[in-house]
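Structure, as structure tokens:
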Amino acid sequence: MPKNLVQQYGPLLPHLDDVADLFWFSEQAFVVAADEGGAQPEDWGTIEGRVVQLLMLHALNASYSVRLLTAYAQTTEAYALLRVRLEQAIVFSYLVHAEPEKGTVPYIEDIDRFVRRVTVAR
């Protein structure tokens, strides 16, 4: 199977074969996640489904940003953002695997409190 990258990257990519392979694996992880997790419209019809969708979007953007920074030789910045991506993965994994009373319910309630704090602060 040819490893064609979908997203555009910086000028270093043609010179970094091993990194290009890692970029390809990262892109494929999102393809599989989108196919498995969002195949049915009803998957996103609940509040929990929308939170998962939002977290997946954040993961996609953070991962792409890490790859883009790497392809432009901004490794310190990429490493710092990779730390954020690790936190995202840990939180996402917990929310997906924990019982709703311990995971998604408190998470959604905290989002609601945050939205109210932002609204009041304006």
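Here, each number is a calculation from the coordinates, and none is a lab measurement. These figures come from a predicted structure and were not determined experimentally. So basically every Cβ, Gly included, is an ideal-geometry build from the backbone, and we count neighbours across all protein chains shown.
General observations
- Compared with the direct C-alpha span, the chain from residue 86 to residue 21 gains 21.4 nm at full extension, assuming 0.36 nm per residue.
- In this Cβ point-charge picture (+1 for Lys and Arg, -1 for Asp and Glu), the stretch 44-121 has a dipole of about 240 debye about its Cα centre.
- For the stretch 44-121, the extents of the C-alpha atoms along the principal axes are 42, 34, 21 Å, listed from largest to smallest.
- Separation between Cα centres of the stretch 74-91 and the stretch 55-69, rounded to whole Å: 9 Å
- A simple spin-label model places the labels of residue 113 and residue 99 2.1 nm from each other, with each point 7 Å out along Cα-to-Cβ.
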